[in-house]
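The values are calculated or read from the model by the stated rules, or taken from the named source; none is laboratory data. Everything quoted here is computed from the prediction, not taken from an experiment. Here the Cβ is made from the backbone with ideal geometry for all residues, glycine too, and neighbour counts use every protein chain on show. Ligands, DNA and RNA are stripped out before the accessible areas are found, and what is left, the full protein with its side chains, is counted by its heavy atoms. Shrake-Rupley method; radii C 1.70, N 1.55, O 1.52, S 1.80 Å.
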There are 2 protein chains.
Amino acid sequence: MEAGNMAQQAFVEHLVDPAENFDQWYVDVVQQAELADDAPVRGMKVVRPYGYRIWELIQQTLDARFKRTGVENAYFPLLIPKSMLEKEAEHIEGFTPEVAWVTRGGDKELEEPLAVRPTSESIICPIYAKWIQSWRDLPLLLNQWASVVRWEDRPRAFLRTSEFLWQEGHTCHATAEEANERARQMLDVYRDFIERELAIPVVPGVKSESEKFAGAHRTYTVEAMMGGKNWALQSGTSHDLADHFGKVFDIQFLDQDGTRRYAFNTSWGLSHRTIGAVVMVHGDERGLKLPPRVAPIQAIIVPILGRKGAAKSVLAAARKLRDDLEEIVRVRVDERDDRSPGYKFNHWELRGVPVRIELGPRDLEANQVVLAIRDTGEKLTVPMAELATMLPELLDTIQDRLFAAARTRLDTLTVDVTEWETMAERVATNAGWNRVWWCGDAACETRIKNETKATIRCIPFDQPGGEGTCIACGGTSTAQAIVARAY
Amino acid sequence: MEAGNMAQQAFVEHLVDPAENFDQWYVDVVQQAELADDAPVRGMKVVRPYGYRIWELIQQTLDARFKRTGVENAYFPLLIPKSMLEKEAEHIEGFTPEVAWVTRGGDKELEEPLAVRPTSESIICPIYAKWIQSWRDLPLLLNQWASVVRWEDRPRAFLRTSEFLWQEGHTCHATAEEANERARQMLDVYRDFIERELAIPVVPGVKSESEKFAGAHRTYTVEAMMGGKNWALQSGTSHDLADHFGKVFDIQFLDQDGTRRYAFNTSWGLSHRTIGAVVMVHGDERGLKLPPRVAPIQAIIVPILGRKGAAKSVLAAARKLRDDLEEIVRVRVDERDDRSPGYKFNHWELRGVPVRIELGPRDLEANQVVLAIRDTGEKLTVPMAELATMLPELLDTIQDRLFAAARTRLDTLTVDVTEWETMAERVATNAGWNRVWWCGDAACETRIKNETKATIRCIPFDQPGGEGTCIACGGTSTAQAIVARAY
């Protein structure tokens with residue numbers, strides 16, 4: 001089997017070697033694994049069923065996590081009047097260059113242009129102002145699953161497209177402290193979700209002033225290290241908006257002591273770029289490697305029909321196996337009759353299915369199957385009767401192994417750097433992330449960006465303490481920052 | 001309790017009597033039950049958490065039904081280039097008056113305006129053309145959960161808004177017969193879903209030429225009778241598009257016999273107007289009456305704290321009851337300390353919660369609770385130990401009873417009418433639906449519309465056979481049609 005498998009590979013799939021050209025490899029994998037495709041609209045992509053199924057699994061588990069913290073879902077209008085978007089000055093300044101404007105409805109010019117939502121603070125806050133009267137109406141904890149539009153001329157599927165799928169949470173609180181706690185809490189939901197479900201370790205921290213969300217008091221972020229060039233991907237952000245939006249949109253409430261006060265807000269979002277992260281963190285030269293918890297298909301049964309006499313019984317056994325297993329794992333049989341087993345092996349490896357179950361006439365006689373494990377490449381023979389108990393454990397092991405590998409990579413490639421030249425060299429050679437002392441000065445941040453193209457990804461929550469010397473100016477610094485190039 | 005309850009009612013809720021002004025009652029219920037609210041954007045509404053939770057329950061069960069028929073979900077761009085929307089002539093003619101146009105992206109005027117999707121055939125079909133090469137790629141069965149924009153100046157929450165939530169299925173087939181079968185199959189999925197989950201009986205049938213979807217070969221519909229004025233609501237439609245879009249968008253495939261052929265399409269959609277249907281079919285003068293299967297809260301526990309000494313143990317018992325029941329039903333405790341039991345009774349009746357569980361100090365002593373049933377108003381005392389087995393059965397009974405009541409209403413108020421005057425009179429007095437013989441002529445259909453304001457809702461699949469006399473022209477007719485006013 002293996003020989004035929006290798007021989008067929010050449011004409012089955014054509015992936016560029018990720019070590020040679022990681023960006024092209026990403027494009028190839030997304031296209032060939034049928035996660036997404038180009039659309040006849042500039043900057044936009046189609047999310048294909050296989051990619052969308054990953055998004056559905058992400059939605060399920062993330063939505064359950066939100067609800068456990070008391071958040072409910074709602075839906076707010078897609079279109080936002082210009083005057084409303086303009087109310088918070090920093091907010092509109094940040095988003096103007098990216099907004100798509102509706103100027104005609106039916107055959108009429110609109111009196112006021114409407115923005116296709118780039119994010120929803122400016123439509124949600126005025127509505128909250130109406131709903132919130134008393135301290136008893138707080139906290140208000142809502143989330144929306146939707147798409148947003150931010151104009152983009154050079155799209156990359158999942159990572160950067162003019163329209164993307166996401167969720168945006170918007171909460172409202174009586175005190176600054178409570179809002180900040182909620183922002184931190186939701187960041188921790190993201191951290192937990194990304195680490196456990198996507199098997200991607202992240203560094204949680206706070207953004208610098210220049211990198212924070214337009215209009216926020218403080219932006220928290222979880223940053224993940226991608227494969228290939230070891231760049232960072234901002235994978236989820238949570239904003240403590242303080243009372244900036246509360247004041248601008250007049251969200252006032254009568255407090256328990258009879259005083260009228262402005263409310264404090266948070267917002268937090270995670271998008272389908274996390275699917276891009278899954279591709280880039282775990283994939284290899286054979287294609288995707290999906291963490292079992294978000295794999296649309298966790299085990300693919302490939303019947304190896306053999307000579308004519310056996311074909312019928314092998315196929316029947318494969319179907320029975322599926323029926324027995326489908327309550328336990330997401331399993332399917334590849335019944336295509338115009339494709340060889342070798343072709344199918346490559347097909348499902350490219351698509352990152354964690355476990356392949358091969359079933360041939362001899363296996364059937366021996367009441368066994370051969371398992372091929374996607375991430376290690378190992379093969380093992382297993383009695384059919386043991387599959388139902390063994391498979392879930394195996395999937396957990398794979399999930400843990402993917403996370404451990406990514407964790408090792410992140411830890412190994414994140415290096416404490418004290419010399420400017422070392423940092424510049426590491427950035428230029430895509431050597432990994434740099435943990436550096438930073439004095440907090442914007443000028444030093446700008447110098448890093450201008451001279452190396454890397455940015456301060458975050459000031460991690462996890463700090464060594466003590467003082468150090470700023471990598472840029474040599475001044476006294478009380479905190480370290482992560483410096484890396486980013487998507 | 002009952003006396004206090006009635007006394008409080010006046011200042012708790014202010015619903016117009018549905019028998020006096022059904023339209024205003026609808027507005028009041030939607031607003032006061034917090035299903036939806038006005039938005040600061042013309043024609044649009046906010047779907048509030050309680051309304052959105054109903055939509056989530058609808059999505060869950062409908063999505064599972066789609067998947068059982070082999071349909072997968074995907075996501076296609078929100079914005080559609082003008083040239084693409086214009087390709088199918090009837091299609092663009094039908095939708096032009098309702099389209100919102102994006103003409104600016106960022107700070108630039110766009111070379112070509114982009115339509116905010118009013119429906120997605122014209123963006124999905126060109127993509128299908130790329131994906132479909134061979135008969136082996138067929139059928140292609142995709143669905144998308146999204147929102148669409150159709151300009152609307154006089155919005156009514158859920159029923160008619162410039163933006164609405166929906167799903168749109170788009171399939172592609174090798175033969176005309178198969179496409180037609182799929183269109184019929186999905187209509188039957190809608191029928192089954194609306195009848196079983198929403199407890200609303202529907203009349204399935206085919207639309208007249210003038211009422212069909214712009215660009216369709218044939219439109220199937222399920223029509224439901226609302227309460228109050230007994231008008232019809234088109235509750236889901238499924239279109240056999242034949243090869244209209246296949247030819248326009250050049251969806252060709254190589255068939256098994258080596259011939260290149262055009263593919264045949266269907267599309268089918270159901271929107272959040274079904275929430276409006278639930279309100280209008282089941283509601284009464286006390287507010288919503290939710291079918292248990294789509295009720296966000298199926299049972300609400302109202303602790304009646306009594307004198308100070310008992311309060312603590314009653315509340316503890318209420319919480320324990322919730323913990324015991326929450327795996328079985330969607331249950332919550334109303335713990336508000338600033339509201340009387342009577343207020344809470346009205347509050348949850350207005351919101352249509354099927355079962356209220358009252359628990360007071362004496363009930364606690366007797367190890368029992370008092371159940372109040374929303375649809376019948378009856379009260380019964382039940383031993384606490386029996387609740388876990390009794391509640392699911394009770395909810396099923398309520399679900400069946402709501403359906404039976406709506407069924408009786410639909411059957412009673414749908415009348416065979418042979419005289420024009422009778423029909424005109426019945427339409428003018430909102431007496432119900434009219435089953436009439438219709439010759440099929442467009443002129444007769446127009447006369448009905450112009451002279452009575454009613455429309456032909458559908459030609460039901462279920463026909464008596466034989467021949468009759470057209471209600472409008474007296475000509476020979478082989479089929480009956482449903483004539484009614486519609487939302």
* Asked: What is the number of the single condition among (1) open to solvent by 10 Å² or more (accessible area, probe 1.4 Å); (2) more than 10 Å from every other protein chain (Cβ to nearest Cβ); (3) more than 29 Å from the chain's Cα centre (by Cα) that A:P113 does not meet?
  -> (2)
* Yes/no for B:R322 being part of a helix (DSSP H, G or I) and closer than 26 Å to B:L62 by Cβ -> no
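State all residues of segment B:140-168 that are of a type in the set (V, I, T) and part of a loop (DSSP other than H, G, I, E, B); if no residue qualifies, say none. Working first, answer last.
Applying the first criterion (of a type in the set (V, I, T)) to segment B:140-168 yields B:148-149, B:161.
Scanning segment B:140-168 gives a single hit, B:T161.
Evaluate the following for B:N450: is it polar (S, T, N, Q) and surrounded by 20 or more Cβ atoms within 10 Å (Cβ to Cβ)? Show your work before the answer.
Numbers: polar (S, T, N, Q): yes; surrounded by 20 or more Cβ atoms within 10 Å (Cβ to Cβ): no.
No.
Working only within segment A:38-48, note down all residues that are over 21 Å from A:K289 (Cβ atoms) and surrounded by 18 or more Cβ atoms within 10 Å (Cβ to Cβ). Full working, then the answer.
Initial filter on segment A:38-48 (over 21 Å from A:K289 (Cβ atoms)): A:38-46.
Scanning segment A:38-48 gives A:A39, A:V41, A:R42, A:G43, A:M44, A:K45, A:V46.
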* Return yes when A:D137 is open to solvent by 40 Å² or more (accessible area, probe 1.4 Å), at the interface with chain B (Cβ under 9 Å from one of its Cβ atoms) and either closer than 22 Å to A:A242 by Cα or among the acidic types (D, E) (or both) and no when it is not. => no
* For B:D250, indicate whether it is without any contact (Cβ under 8 Å) to a residue 60 or more places away in the chain and surrounded by fewer than 19 Cβ atoms within 10 Å (Cβ to Cβ). => no
* To do: Starting from segment B:456-484, keep only residues that are free of Cβ contacts under 8 Å to residues at least 40 places away in the same chain, then list their pairs with residues that are part of a strand (DSSP E or B) and open to solvent by 60 Å² or more (accessible area, probe 1.4 Å) whose Cβ atoms are within a distance under 7 Å, requiring at least 6 positions of separation or different chains.
  => B:E467/B:T476
* To do: Name the residue, out of A:A179, A:A214, A:A183, A:A199, that is under 28 Å from A:F461 (Cα atoms), among the aliphatic types (A, V, I, L, M) and at pLDDT below 95.
  => A:A214
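In segment B:192-204, is there at least one residue being open to solvent by 40 Å² or more (accessible area, probe 1.4 Å), at positive phi and not aromatic (F, W, Y)?
Taking segment B:192-204 and keeping what is open to solvent by 40 Å² or more (accessible area, probe 1.4 Å), we get B:196.
Going one step further and asking which of them are at positive phi, we end up with none.
No, the conditions are met nowhere in segment B:192-204.
When you scan segment B:87-110, how many residues do you find that are exposed (fewer than 15 other Cβ atoms within 10 Å of the Cβ), acidic (D, E) and more than 25 Å from B:G43 (Cα to Cα)? Explain how you work it out, then say what you get.
Taking segment B:87-110 and keeping what is exposed (fewer than 15 other Cβ atoms within 10 Å of the Cβ), we get B:89-90, B:93, B:97, B:107-109.
From the residues that got through so far, the ones that are acidic (D, E) too are B:90, B:93, B:107, B:109.
With more than 25 Å from B:G43 (Cα to Cα) added as a condition, the list becomes B:90, B:107, B:109.
Residues meeting the conditions: 3.
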* Can you find even one residue in segment B:49-58 that is surrounded by 18 or more Cβ atoms within 10 Å (Cβ to Cβ), within 9 Å of another protein chain (Cβ to nearest Cβ) and without any contact (Cβ under 8 Å) to a residue 40 or more places away in the chain? -> yes
* Residues satisfying the stated conditions in segment A:147-165, i.e. in contact with a Phe, Trp or Tyr (Cβ under 7 Å, 6 or more places away or on another chain) and either crowded, with 24+ Cβ neighbours inside 10 Å or facing chain B (nearest Cβ under 8 Å) (or both) -> A:S147, A:S162, A:L165
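Among the candidates B:G276, B:G287, which residue alone is out of contact with any Gly (no Cβ under 8 Å at 6 or more places or on another chain), open to solvent by less than 10 Å² (accessible area, probe 1.4 Å) and touching a residue at least 60 places away in the same chain (Cβ under 8 Å)? It would help to see each step written out before you state the result.
Details: B:G287 fails: out of contact with any Gly (no Cβ under 8 Å at 6 or more places or on another chain).
Unique residue meeting the criteria: B:G276.
Looking only at segment A:17-37, which residues are part of a loop (DSSP other than H, G, I, E, B) and open to solvent by 50 Å² or more (accessible area, probe 1.4 Å)?
Taking segment A:17-37 and keeping what is part of a loop (DSSP other than H, G, I, E, B), we get A:17-21, A:33-35.
Once the filter is applied, which keeps residues that are part of a loop (DSSP other than H, G, I, E, B) and open to solvent by 50 Å² or more (accessible area, probe 1.4 Å), segment A:17-37 yields A:D17, A:A19, A:E20, A:N21, A:E34.
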* Answer yes or no as to whether A:E86 is out of contact with any strand residue (DSSP E or B) (no Cβ under 7 Å at 6 or more places or on another chain) and at the interface with another protein chain (Cβ under 7 Å from one of its Cβ atoms). => no
* Looking at segment B:205-225, which of the residues that are open to solvent by 10 Å² or more (accessible area, probe 1.4 Å) and small (G, A, S) is nearest to B:G440 (Cα to Cα)? -> B:S210
* To do: Please specify each residue of segment A:256-273 satisfying the condition of being surrounded by fewer than 23 Cβ atoms within 10 Å (Cβ to Cβ) and in a loop (DSSP other than H, G, I, E, B).
  => A:Q256, A:D257, A:G258, A:T259
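Could you grab me the full set of residues in segment B:285-310 that are charged (D, E, K, R), in a loop (DSSP other than H, G, I, E, B) and under 22 Å from B:L325 (Cβ atoms)? Walk me through how you get there before you give the answer.
First, the residues of segment B:285-310 that are charged (D, E, K, R): B:285-286, B:289, B:293, B:307-308.
So of that shortlist, the ones also in a loop (DSSP other than H, G, I, E, B) come out as B:285-286, B:289, B:307.
Correct list: B:K289 only.
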* Return only the number of the condition from (1) facing another protein chain (nearest Cβ under 10 Å); (2) open to solvent by less than 20 Å² (accessible area, probe 1.4 Å); (3) within 23 Å of the chain's Cα centre (by Cα) that A:E72 does not satisfy. => (2)
* Failed item in (1) open to solvent by less than 40 Å² (accessible area, probe 1.4 Å); (2) on the phi < 0 side of the Ramachandran plot, with A:E177 passing the rest -> (1)
* How many of the residues in segment A:22-56 are in contact with an Asp or Glu (Cβ under 8 Å, 6 or more places away or on another chain) and farther than 22 Å from A:Y487 by Cβ? -> 2
* Tell me which residues, restricted to segment A:376-422, are touching a strand residue (DSSP E or B) at 6+ places or on another chain (Cβ under 9 Å), open to solvent by 40 Å² or more (accessible area, probe 1.4 Å) and within 30 Å of A:Q463 (Cα to Cα). => A:R409, A:L413, A:V415, A:D416, A:T418, A:T422
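Could you list all residues from segment A:215-237 that are farther than 16 Å from A:I124 by Cα and in contact with a Gly (Cβ under 8 Å, 6 or more places away or on another chain)?
A:Y220, A:T221, A:V222, A:E223, A:M225, A:G227, A:N230, A:L233, A:G236, A:T237
Quick check on segment A:173-190. Is at least one of its residues out of contact with any strand residue (DSSP E or B) (no Cβ under 9 Å at 6 or more places or on another chain) and not polar (S, T, N, Q)? Steps first, answer last, please.
Just the residues of segment A:173-190 that are out of contact with any strand residue (DSSP E or B) (no Cβ under 9 Å at 6 or more places or on another chain), to begin with: none.
The answer is no, given that none of the residues of segment A:173-190 is out of contact with any strand residue (DSSP E or B) (no Cβ under 9 Å at 6 or more places or on another chain) and not polar (S, T, N, Q).
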* Number of the condition not met by A:L142 [criteria: (1) within 11 Å of chain B (Cβ to nearest Cβ); (2) open to solvent by 30 Å² or more (accessible area, probe 1.4 Å)] -> (2)
* To do: Go through segment B:292-321 and count every residue that is exposed (fewer than 15 other Cβ atoms within 10 Å of the Cβ) and farther than 14 Å from B:D363 by Cβ.
  => 5
